[in-house]
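Contents: one structure, followed by commentary.
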Amino acid sequence: MSYHKNLTIGLFGFGVVGEGLYHILNQTPSLKATIKKICVKHPDKKRNAPKELFTTDRNELLLDPEINVIVEVINETEAAFEIVTTALKNGKDVVSSSKKMLAENMPELLGLQKQTNMSLLYEAAACASIPIIRNLEEYYDNDLVQSVKAIANGTTNFILTKMFEDKLEFKQALLLAQQSGFAETDPTLDIEGYDALNKWTILLNHSYGIVERPENIVFTGIQNINQNDAMVAREKHYEIKLVAQAKKLNNGDVAAFVLPQFVNQHDQLAFVKNEYNGVVIESGFSDKQFFYGKGAGSFPTGSAVLSDISALRYDYHYEYKKLYHHQPNRLTEDFYLKVYISFDNNAFIPKEKFEWIEEWHADLNRNYLIGVLPFSELKNTKWWKEDNVSLILSPEPIIEDVEIRKLKKKSLELAGVTL
Ligand code: HSE
């Protein structure tokens, strides 16, 4: 006979996700999980749940011995960290959706899970309804993950879709995303790539055992992408997506970053529109696999939280297998990227930093080049993030050192230079 714990939940937060979860739980009586108390910041707000469930005193949840699971779906990073760490120390399992808090505090949270032996689950924190973390932990339980790439932010994907397919202005598209509840309270977190970066920091751990602080990972968002870039994309039959990716190089080290990218129309990620997210995993033997689903919104995120709650009934813990049971991979800067860069003024572009430039275009509307840059240039400088510059990766952007030497030789030959 299987053993299933009864779960008594203390819920922190009753916003888009919290309320979604509350309704989902009410429609899932078979789970035998009940919410005993809900802690909120504003007691006077009208809520879609019985008044007696609510409190503003966090200790009513954290110190209640009957509550064995804390579900934390609040917006404030510091308060979320405080709640999660106190709950673990008080012997409660925790489900969290606070991606920023998780990404910024992973070393401490790993330590605390070991020390307390309590479980901390956070499937909702990365790609919401797509069960990517548990798949990486359980199904890809080996060191054969070659590459992972993802559209991990629903708001930016929604804005790109609305701008380039429905011809909406950026501001209008953002407003729609905000009205639908996809966007962060501070939408620059979405637009400038921070949210995708936080999710990527979390997924790098489950993909490769890499525990890195978000600020050490190269990233940007879609803030500088403009209609001229969209025109180039159309001419070349590409879509523009904000892609978080990681690839194991020939020496076993991992290249990882979050940057806008031109995506071929037959690429799985081109299929991902609006607030949907998508993840493509390439592994040693299974080749490519594509996960697709809603990455934001009340019920999709609530459903991921529900799945974690359900897993706690049989005491599920992440084992962090890539980190603890395998030799974790290391991040490297030792590779090159093929990039498109558009700009107003070419005085801002350090042309001498390019290995080579394949295409150079200048007319009244737009100036752009396509060339190959060492990744370290992106890591160590900021010119490519300036207001008047937009950087978009090529469809197959990563070039390894050995390939660079071969390609250089070939391009010189094409240019008629005999070696
Ligand atoms: N703002 C986030 C997004 C919400 O747009 O993806 C889901 O994490």
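Between S310, S342, the distinction of being in a strand (DSSP E or B), among the polar types (S, T, N, Q), in contact (Cβ under 8 Å) with a residue 40 or more places away in the chain and touching a strand residue (DSSP E or B) at 6+ places or on another chain (Cβ under 8 Å) belongs to S342 only. Out of K46, K32, K51, one residue alone is among the basic types (K, R) and touching a residue at least 12 places away in the same chain (Cβ under 8 Å). It is K32. The residue that is least open to solvent (accessible area, probe 1.4 Å), counting only those in the stretch 285-299 that are part of a strand (DSSP E or B), away from the ligand (no atom under 16 Å from the Cβ) and not polar (S, T, N, Q), is F290. Scanning the stretch 207-219 for residues that are crowded, with 24+ Cβ neighbours inside 10 Å and within 13 Å of the chain's Cα centre (by Cα) returns a single hit, S207. Taking the stretch 155-190 as the range and being within 16 Å of the chain's Cα centre (by Cα) and either within 9 Å of the ligand (Cβ to nearest atom) or open to solvent by less than 20 Å² (accessible area, probe 1.4 Å) (or both) as the test, the residues that pass are T155, T156, N157, F158, F182, A183, E184, P187, L189, D190. Among the residues making up the stretch 351-365, those that are closer than 21 Å to D401 by Cβ and either open to solvent by 40 Å² or more (accessible area, probe 1.4 Å) or in contact with a Ser or Thr (Cβ under 8 Å, 6 or more places away or on another chain) (or both) are E352, K353, E355, W356, I357, E358.
Of the residues making up the stretch 366-387, those that are surrounded by 11 or more Cβ atoms within 10 Å (Cβ to Cβ), not β-branched (V, I, T) and not in a strand (DSSP E or B) number 10.
Looking at S147, S207, just one residue is touching an Asp or Glu at 6+ places or on another chain (Cβ under 6 Å) and more than 12 Å from the ligand (Cβ to nearest atom), and that residue is S147.
Could you list, in sequence order, the residues of the stretch 62-88 that are open to solvent by less than 40 Å² (accessible area, probe 1.4 Å) and either touching a Ser or Thr at 6+ places or on another chain (Cβ under 6 Å) or assigned to a loop (DSSP other than H, G, I, E, B) (or both)? Correct list: L62, D64, I67, E72, V73, I74, A80, V84, L88.
Return the only residue of E333, E282, E275 being within 16 Å of the ligand (Cβ to nearest atom) and in contact (Cβ under 8 Å) with a residue 24 or more places away in the chain.
One residue alone meets the criteria, E275.
Residues considered: L102, L136. Of these, the only one that is open to solvent by less than 10 Å² (accessible area, probe 1.4 Å), farther than 18 Å from I74 by Cβ and part of a helix (DSSP H, G or I) is L136. For A183, the criteria (1) in a loop (DSSP other than H, G, I, E, B); (2) more than 25 Å from I74 (Cβ to Cβ); (3) in contact with a Leu (Cβ under 9 Å, 6 or more places away or on another chain); (4) in contact (Cβ under 8 Å) with a residue 24 or more places away in the chain hold in every case but one, which is (2).
The values are calculated or read from the model by the stated rules, or taken from the named source; none is laboratory data. Computed from a predicted structure; not experimentally measured. All Cβ positions, even for glycine, are placed from backbone atoms using ideal geometry, and neighbour counts span all protein chains on display. For the accessible areas, the whole protein counts, side chains as well, though only heavy atoms, and no ligand, DNA or RNA atoms are used. Shrake-Rupley method; radii C 1.70, N 1.55, O 1.52, S 1.80 Å.
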